[in-house]
Amino acid sequence: MSPYDLLPRFKAQYDANNQEFSISGVVRPQAIDELGPSIALLRDAIDRVRGVLYVNVRRLTQMNNAAFHTFSRIIIDACRARPDLKFVVITSSVVGWTSRKFGRLSQIEPNITVEEYDSEFYPGQRFLEEGGFVPILRSQTKMTWRHERAILPRHGMSPGIVMADICCGIGDFAVLVQKEFQPSRIVALDHSISSLDYARRVMREFDIRGIEYTYGDASEMLLDEAQFDLVTCRHSLQIFNRPALILKELYRICKPGGRVYITNEKNSHCLGEPRAESIRWTYNEVAKLFGHFEMDVELGPKSRRYLIEAGFEDIRVETFMVTNLDGDPQDFADVIAAWADIYAGEMASKRGDCPEFVARFRQGFLDHIFAALHPKGYAGWPIWVASGRRPQ
């Protein structure tokens, strides 16, 4: 990899192993001469490659017409001079204009194609990110916060820090952190527009300040490197089919010496009494159902390994059990009911489960609700907390 820092605001580089030319940042030259090093790098890449040259613009936040036409002309001329060479332009839905603008090139030259990187990245997001899941998220955070407010200081939380909450969802965790710990700044990022709209509305209605909500892809964030003292990512690695990529990005934006804090579950360990057998069977099936959609709700105990493999040190891991004894048992029952509606409803239907299976599957959730509300019952939902420090 040979990086070329062209201007403080943009960067171009060529990765020979992957035959990938990438350009990122804000490319708004006043004169084409300013693009000289990046143009030379692109021409050199074209001369070297065989087969396919990938042009990665996922982190290209701005580009004026002069720059676009300059790079486009080089790519189109190369297609015409070398019919054997194909170009694949990799864009992101987070920076929507790149797909539209570079898409024009594929209409001009058949050897140029445009692929939106994150269009299939979140296989389960259609079930979990939209408005129907808001009640689950709110109740879950209400229940877990009782534990996390005591746990967070052991994992890097303190007043005055600069913090990022990645995959922030509807923003309720960021709000609680702001009120309790008063970081100097919170950047809260999510890939769901509807969740961010909800979070911003709550922030306005309750006059909450100090939180910057931003739309973004957790695997390819348009955030500067090494700027946050603490980076949190809760209940999210388990719903991505490539959690290691997310951790790589969390590591990148964390300051050396700062910490990344993650929470995940092991759904098959949800429990209840009475009717323990039915409950156990259903939550084992939940894990299989999520696996079908390339999500791993068994990830909790794997957190330490993931953090180590991502390069973190001073790994800290602890667990807590959310139960029907944490406040109002009805809160827990409401969460379980929402799980049942999503898991034994849309997800099971999408997998093609037969009515007999769905009936038994749903019964386990009903039995878990029964345990949560029974005067002598017990219902539990285990959470794994883990954090790691980015080396100095």
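Cα axis of helix 96-108 to longest principal axis of the chain: angle in degrees, 0 to 90, nearest 10? For helix 96-108, the angle is close to 50 degrees. Charged neighbours of Lys376, selected by a Cβ distance under 15 Å, balance to -1 (K, R count +1; D, E count -1).
Residues in region 278-288 carry Karplus couplings, in order, of 4, 5, 4, 4, 4, 6, 5, 6, 4, 4, 5 Hz; the curve used is 6.51 cos²θ - 1.76 cosθ + 1.60 with θ = phi - 60°, and Gly or Pro positions show x. Between Thr91, Thr61, Thr263, the GNM of the chain built on Cα springs shorter than 10 angstrom shows Thr61 fluctuating the most. Each Lys or Arg adds one and each Asp or Glu subtracts one; over the other residues with Cβ under 11 Å from the Cβ of Lys86, this totals 0.
Positive end of the dipole of the chain (Cβ unit charges, origin at the Cα centre): among Val114, Val55, Ile208, the Cα lying farthest that way belongs to Val55. Note on Glu277: accessible area is roughly 130 Å² with a 1.4 Å probe, heavy atoms of protein only. Here the calculated FRET efficiency for Asp224 and Ile342, from their Cβ-Cβ distance with R0 = 41 Å, stands at 0.70, rounded to the nearest 0.05.
Rounded to whole numbers, the Karplus 3J(HN,Hα) couplings from phi for region 75-85 are 5, 5, 4, 5, 4, 6, 7, 10, x, 6, 9 Hz, using 6.51 cos²θ - 1.76 cosθ + 1.60 with θ = phi - 60°, and x at Gly and Pro. Region 279-327 and region 253-276 have their alpha-carbon centroids 5 Å apart. Roll a 1.4 angstrom probe over the protein heavy atoms and tell me the percent of accessible area of the chain that is carbon or sulfur. So the carbon and sulfur contribution to the accessible surface is 49 percent. Restricting to DSSP H runs of at least four residues, report the calculated mean residue ellipticity at 222 nm for the chain, -39500 (n - 2.57) per run over all residues, nearest 500 deg cm²/dmol. Mean residue ellipticity, 222 nm, calculated: -12500 deg cm²/dmol.
The long axis of helix 134-151 is offset from the longest Cα principal axis of the chain by roughly 80 degrees. One decimal place: the segment Ser194-Thr214 gains 6.0 nm when fully extended, by the rule 0.36 nm per residue minus the C-alpha distance. Accessible surface area normalised per residue over region 256-321 is 43 Å², counting heavy atoms of protein chains with a 1.4 Å rolling probe.
Dipole check for the chain: with +1 at the C-beta of Lys and Arg, -1 at the C-beta of Asp and Glu, and the Cα centre as origin, the magnitude is about 520 Debye.
For the chain, the longest principal axis of the alpha carbon atoms and the long axis of helix 243-253 meet at an angle near 70°. Our coupling estimate for region 167-181, obtained by passing each phi through the Karplus curve with A = 6.51, B = -1.76, C = 1.60 and θ = phi - 60°, is 6, 6, x, 7, x, 5, 5, 4, 5, 5, 4, 4, 5, 7, 10 Hz, Gly and Pro reported as x.
The values are calculated or read from the model by the stated rules, or taken from the named source; none is laboratory data. Computed from a predicted structure; not experimentally measured. All Cβ positions, even for glycine, are placed from backbone atoms using ideal geometry, and neighbour counts span all protein chains on display. Heads up: the accessible areas ignore ligands, DNA and RNA and are worked out on the full protein's heavy atoms, side chains in. Shrake-Rupley method; radii C 1.70, N 1.55, O 1.52, S 1.80 Å.
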